[in-house]
Amino acid sequence: MQMPAKVVVVSQHYPPDHSTTAAIMAAIANRVAREAEVLVLSGIPGSASAAVPGRPSVVEIGNWMPGKGVLIKRAAAELLFTLRMFLALLTKLRRGDVALTVTAPFMLPYAVAAAARLKRARSALIMHDLYPDVLVMAGLLKPASFVAMTMRAINALMFRALNAVVIIGRDTKDLLLQYGGMTPDKIRFIPNWATLVPAVRPIRADNPFRRALAARFVVGLSGNLGFTHDPVIVFEAARSLRDDPEIHFLLSGWGIGFERLKDMQSEAKLPNVTLIDRVADEDLEAFLSAANVWLIPYRKDVSGVSVPSRFYNLLAVGRPVILVSEPEAEAALTVAENNLGWVVMPGKSDRLTDAIRSASLCVDAAMAERAVAAAGNFSAERALDGYATLMEELLRRSQPEQTP
């Protein structure tokens, strides 16, 4: 007798890891587990848990995670992890199961799609980043290089094998449809969500992150600054505004881009810049409430390639956003459609400086309310229901038809 089909969530990142990807994959697994059996294959030590009714069971897969700046070691570690996950899937997957994964690391979806096809299971991919486009955007690959062309060829095979692809930005759809193996019926738009309750947080002088700052207007930066982000444009804007006592930059984060910010500030010692290390989760709401406006600085060609998950929490605390991005990118579309801030073309530090000045003089108090209202449209409940519906549909499709 065949066992009931299950959903296998495949993720390198899972709690107790504190990354955004870990939180998203755990939320999806927990929501789907209310209606189906869920097994999580995780690459995080300490994540394993036994099966409990209505909750996912978690199996750890051995993983080695060197720092993000150590490219060769990181690539080797991710290749090894992908191989281990592929072998685990060959053991854990059964015919009719559904495997759900995400583009972190970028090789993982290839293994999941291949294992699902071999085991006659179904597969779905959450497209957080589109490769090789992310690597091209970051300047790590040339668009017509052998590696980029090979990755696109493998992508075509993967998209043909996948049963569904979840995009978190509307701008990704056209890029995906350039692949011969992708069809519109496979694509589902389910945006990420705010983890903070949407409500306008007042700007308070006694905020622990603002207390030591004398400036009237604080420009904030928070989160991972990876290869797709441009720390230089932020620092050049700060340099241009160094003699304005009204404006101060409060910058926090991690990643290779934040290390670059540290190096530039160590050399320039700008008086209008404060750098702080990554803020603990329990302090995130207070930190996001400290600034008057928030920056998200992307390099050029971000459209369709990457969507900033931090964006939704910035809106949730009732703050406008200055987004460095092409206007057709998902976050830029949301800013423009709802009048939530300013969009600046990448590489134009003078325009970013002008946008910051405009923001500091803006008297549109209703922008905070509009930001909160927009964040309410990106709710966890709506997104997670979308994932549950998709998994139910794929499980139902995998079941053999009953003969009357």
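The values are calculated or read from the model by the stated rules, or taken from the named source; none is laboratory data. Because the structure is predicted, anything quoted here is derived from the model rather than measured. Heads up: the accessible areas ignore ligands, DNA and RNA and are worked out on the full protein's heavy atoms, side chains in. Shrake-Rupley method; radii C 1.70, N 1.55, O 1.52, S 1.80 Å.
Residue order by solvent-accessible surface for Lys6, Lys119 is Lys119, Lys6, largest first, with ligands and nucleic acids left out and a 1.4 Å probe. For region 357-373, the Karplus equation 6.51 cos²θ - 1.76 cosθ + 1.60, evaluated at θ = phi - 60°, returns couplings of 4, 4, 4, 5, 9, 5, 10, 7, 5, 6, 4, 4, 5, 5, 4, 5, 4 Hz by residue, with Gly and Pro reported as x.
Solvent exposure of Leu39, expressed as accessible area, is near 20 Å², computed with a probe of 1.4 Å over the protein chains only. Computed across region 138-191, the Kirkwood hydrodynamic radius from all distinct Cα-Cα pairs reaches 12.0 Å. Within the assembled protein chains, the solvent-accessible surface assigned to Glu328 is about 90 Å², based on a 1.4 Å probe. Residue order by solvent-accessible surface for Arg55, Arg242 is Arg55, Arg242, largest first, with ligands and nucleic acids left out and a 1.4 Å probe. Close amide H partners of Val40, meaning residues 5 or more places away or on another chain with modelled amide H under 5 Å apart, are Val9, Ser57, Val58, Val59. Think of a 1.4 Å ball rolled over the protein heavy atoms: the chain then has 45 Å² of accessible area per residue. Computed as a quarter of the hull surface, the mean projected area of the alpha carbon convex hull for region 321-384 stands at 4.8 nm². Within a straight-line Cα-Cα reach of under 25 Å, Lys269 can be paired with the following lysines, leaving aside sequence neighbours fewer than 8 residues apart in one chain: Lys348. For His248, the solvent-accessible surface with a 1.4 Å probe is about 20 Å², rounded to the nearest 10. Taking every alpha-carbon pair under 8 Å whose residues sit at least 6 apart, region 83-170 reaches a relative contact order of 30 percent.
Taking amide H positions as modeled 1.01 Å from N, with prolines and chain starts lacking one, the residues under 5 Å from Val273 and 5 or more places away or on another chain are Phe249. Remark: accessible surface ordering of Val98, Val59 (largest first) is Val59, Val98, probe radius 1.4 Å.
A helix-only calculation puts the chain at -12000 deg cm²/dmol for mean residue ellipticity at 222 nm, using -39500 (n - 2.57) for each DSSP H run of at least four residues, averaged over all residues.
Taking amide H as placed 1.01 Å from N in the peptide plane, the amide H of Ala99 sits under 5 Å from that of Val8, Arg122, Ser123, Ala124, each at least 5 places away or on another chain. Listed values for region 245-260 are Karplus-derived 3J(HN,Hα) couplings in whole Hz (6.51 cos²θ - 1.76 cosθ + 1.60, θ = phi - 60°), namely x, 7, 10, 9, 9, 10, 10, 9, x, 7, x, 4, x, 6, 4, 5, and x replaces Gly and Pro. Taking every alpha-carbon pair in region 78-156 and binning the separations at 10 Å intervals from zero gives 19, 46, 27, 8, 0 percent. Working from Cα pairs under 8 Å separated by at least six residues, relative contact order for the chain is 15 percent.
When the convex hull of its Cα atoms is viewed from all sides, region 1-123 shows a mean projected area of 7.3 nm².
Please compare each pair in Lys6/Lys73; Lys173/Lys300; Lys6/Lys173; Lys262/Lys300; Lys92/Lys173 to a cut-off of 24 Å on the Cα-Cα distance and tell me which ones are over it.
Over 24 Å apart, Cα to Cα: Lys6/Lys73; Lys6/Lys173; Lys92/Lys173.
Applying the Karplus relation 6.51 cos²θ - 1.76 cosθ + 1.60 with θ = phi - 60° to region 45-55 yields 3J(HN,Hα) values of x, x, 8, 4, 8, 7, 5, 10, x, x, 10 Hz, where x marks Gly and Pro. With all distinct Cα pairs included, what does the Kirkwood hydrodynamic radius of region 4-50 come out to in Å, to one decimal, could you say? In region 4-50 this quantity evaluates to 10.7 Å.
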